[in-house]
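The values are calculated or read from the model by the stated rules, or taken from the named source; none is laboratory data. Remember, it's a predicted structure, so these values are computed and weren't measured experimentally. So basically every Cβ, Gly included, is an ideal-geometry build from the backbone, and we count neighbours across all protein chains shown. With ligands, DNA and RNA removed, areas are computed over all heavy atoms of the protein, side chains included. Shrake-Rupley method; radii C 1.70, N 1.55, O 1.52, S 1.80 Å.
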Amino acid sequence: MKTEPAVLSPEETAFLIRQRVARLATADGEGKPHAIPVCFAYTPGAVYIALDEKPKDVPPTKLKRIRNILENPSVALIADRYAEDWSLLAYVMVRGRAELVEPDADEHAIAVRLLRGKYHQYERMRIEENPVIAIRPERAASWGALDEPDAQPSILDAVRGRRSVRRYLDRDVPADLVDRVLEAARWAPSPHGRQPWRFAVVTEDATKERLADAMGEEWRANLQMDGQDAEVVERRLEGSRRRLLDAPVLILLCLYLEDLDAYPDETRQESETTMAVQSLGAAAQNVLLAAYELGLDAGWMCAPLFVPRKVSEVLGLDPKLVPHALLTLGYAEGDPPQRRSRKPLDELVVFRDG
Ligand SMILES: Cc1cc2nc3c(=O)[nH]c(=O)nc-3n(C[C@H](O)[C@H](O)[C@H](O)COP(=O)(O)O)c2cc1C
């Protein structure tokens, strides 16, 4: 796959994709400027902006920004942070050429997915019927405290804004941020408050490779057992390996059952274990939300669940720890393309009395 040369630095990328709104500046053929606030999604090589007006009200080509782009494709997009504490001010400006991507183009579907992944509001809007503006970045400029985390999102915003990230920038995660993420995990609810989980943190390439090798072997055997085509098997394995190696930090969540209550009957013992697994899920969600609040991104890989012993061996862990989930941590290289939409609440709430 051809990789575009990066116009934005990792710091600029990380700042840009965290912003929910930017300003798009266009100019007509005579250079008369026009600027509007826009929602946008970013992937390396393109910034996408939806046209959400209903075609009946205003045909998209009548919109001033579109007329300008058609007359003069040079545009600038600026995303900024304002704070009364001026040490936190920052902006990123992207200059480039804009074009319209029509609904029948493959790229249109990609853009719509990215935009809907970032803004749940678009799920209910027929943005797929209109062209999408694509800005091809040519130059970027920035200023200020790009690296400072943004003002804290509300918990509900973080719950909705967090998303699984599977491709990261080549940018280290400061160790103190990893500690703050783990600190959030520590506060997860747990049965009897016994905290039946332990964490392993991996940042060294050599360890990631050994983990990838150990988990890859088992996965290859499973995929082959499922009768998957050899080429597909290799492609999926390579993708998974790349995910492990490219993520700056891996956090392994292990189940630790030793401190839990012991029961004489199997049923209660099983429930005790289930509660521990539920609690591990809560710790994982704390990691994901804390990472999001700190300006990081995270992803979830279930692979260790299938080869817990091998993972333990690679890391030299106590055999009493059962590796369950691997959380990747880093800075997203762009808005993730595969964000899944959610079922409506009506479908999920199966009983409500009164
Ligand atoms: C228990 C669990 C296991 C998961 N395992 C994987 C995995 O192995 N690989 C992966 O890419 N995503 C995995 N995910 C992430 C889900 O695919 C993701 O959360 C879901 O598609 C919703 O997308 P979002 O997190 O971006 O909202 C897992 C999530 C959970 C809760």
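Anything in segment 200-227 that is over 13 Å from residue 303 (Cβ atoms) and within 16 Å of the ligand (Cβ to nearest atom)? List them, or say none.
If the condition is that a residue be over 13 Å from residue 303 (Cβ atoms) and within 16 Å of the ligand (Cβ to nearest atom), then 226 is the only one that fits.
Kindly indicate whether residue 180 is within 16 Å of the ligand (Cβ to nearest atom) and in contact (Cβ under 8 Å) with a residue 12 or more places away in the chain.
Working: within 16 Å of the ligand (Cβ to nearest atom): no; in contact (Cβ under 8 Å) with a residue 12 or more places away in the chain: yes.
It is false that residue 180 is within 16 Å of the ligand (Cβ to nearest atom) and in contact (Cβ under 8 Å) with a residue 12 or more places away in the chain.
In segment 228-249, which residues are buried (at least 17 other Cβ atoms within 10 Å of the Cβ), closer than 16 Å to residue 171 by Cβ and away from the ligand (no atom under 12 Å from the Cβ)?
248, 249, listed by residue number.
The rows are residues; the columns are (1) small (Gly, Ala, Ser); (2) out of contact with any strand residue (DSSP E or B) (no Cβ under 8 Å at 6 or more places or on another chain); (3) at pLDDT 95 or above.
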{"residue": "13", "(1), (2), (3)": "no, no, yes"}
{"residue": "32", "(1), (2), (3)": "no, yes, yes"}
{"residue": "50", "(1), (2), (3)": "yes, no, yes"}
{"residue": "54", "(1), (2), (3)": "no, yes, no"}
{"residue": "73", "(1), (2), (3)": "no, no, yes"}
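Return a yes/no flag: does segment 128-149 have any residue that is within 16 Å of the ligand (Cβ to nearest atom) and either of a type in the set (Asp, Glu) or open to solvent by less than 70 Å² (accessible area, probe 1.4 Å) (or both). Walk me through how you get there before you give the answer.
The initial filter retains those residues of segment 128-149 that are within 16 Å of the ligand (Cβ to nearest atom), namely none.
No, every residue in segment 128-149 fails to be within 16 Å of the ligand (Cβ to nearest atom) and either of a type in the set (Asp, Glu) or open to solvent by less than 70 Å² (accessible area, probe 1.4 Å) (or both).
Taking segment 111-125 only, how many residues are assigned to a helix (DSSP H, G or I) and either closer than 16 Å to residue 17 by Cα or open to solvent by less than 70 Å² (accessible area, probe 1.4 Å) (or both)?
Going residue by residue through segment 111-125, those that are assigned to a helix (DSSP H, G or I) are 111-118, 120-124.
Filter again for either closer than 16 Å to residue 17 by Cα or open to solvent by less than 70 Å² (accessible area, probe 1.4 Å) (or both), leaving 111-118, 120, 122.
Within segment 111-125, residues that are assigned to a helix (DSSP H, G or I) and either closer than 16 Å to residue 17 by Cα or open to solvent by less than 70 Å² (accessible area, probe 1.4 Å) (or both) number 10.
Each row is one residue, and each column tells you yes or no for (1) more than 11 Å from the ligand (Cβ to nearest atom); (2) part of a helix (DSSP H, G or I); (3) open to solvent by 30 Å² or more (accessible area, probe 1.4 Å).
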site: 255; (1), (2), (3): yes, no, no
site: 300; (1), (2), (3): no, no, yes
site: 310; (1), (2), (3): yes, yes, yes
site: 339; (1), (2), (3): no, no, yes
site: 343; (1), (2), (3): yes, no, yes
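Go over the candidates 347, 333 one by one and state the one that is more than 12 Å from the ligand (Cβ to nearest atom), of a type in the set (D, E, K, R) and either in contact with an Asp or Glu (Cβ under 9 Å, 6 or more places away or on another chain) or closer than 23 Å to residue 16 by Cβ (or both).
Working: 347 fails: either in contact with an Asp or Glu (Cβ under 9 Å, 6 or more places away or on another chain) or closer than 23 Å to residue 16 by Cβ (or both).
The unique qualifying residue is 333.
Please enumerate the residues belonging to segment 257-298 that are of a type in the set (Gly, Ala, Ser) and either in contact with a strand residue (DSSP E or B) (Cβ under 6 Å, 6 or more places away or on another chain) or within 16 Å of the ligand (Cβ to nearest atom) (or both). Quick ask: steps written out before the conclusion?
So in segment 257-298, the residues of a type in the set (Gly, Ala, Ser) come out as 262, 271, 276, 279, 281-284, 290-291, 295, 298.
Matches in segment 257-298: 276, 279, 281, 282, 283, 284, 290, 291, 298.
Yes or no: residue 328 surrounded by fewer than 22 Cβ atoms within 10 Å (Cβ to Cβ) and either in contact with a strand residue (DSSP E or B) (Cβ under 6 Å, 6 or more places away or on another chain) or not in a loop (DSSP other than H, G, I, E, B) (or both)? Write out each step before concluding.
On the way: surrounded by fewer than 22 Cβ atoms within 10 Å (Cβ to Cβ): no; either in contact with a strand residue (DSSP E or B) (Cβ under 6 Å, 6 or more places away or on another chain) or not in a loop (DSSP other than H, G, I, E, B) (or both): yes.
Here the answer is no, as residue 328 does not meet what is asked.
Give the residue that is surrounded by the most Cβ atoms within 10 Å (Cβ to Cβ), with candidates limited to residues of segment 195-212 that are part of a helix (DSSP H, G or I) and in contact (Cβ under 8 Å) with a residue 12 or more places away in the chain. Let's see the steps before the verdict.
Taking segment 195-212 and keeping what is part of a helix (DSSP H, G or I), we get 205-212.
With the extra rule that they be in contact (Cβ under 8 Å) with a residue 12 or more places away in the chain, the set shrinks to 205, 207-212.
Values: 205: 9, 207: 16, 208: 21, 209: 14, 210: 17, 211: 26, 212: 21.
Checked segment 195-212; the qualifying residue surrounded by the most Cβ atoms within 10 Å (Cβ to Cβ) is 211.
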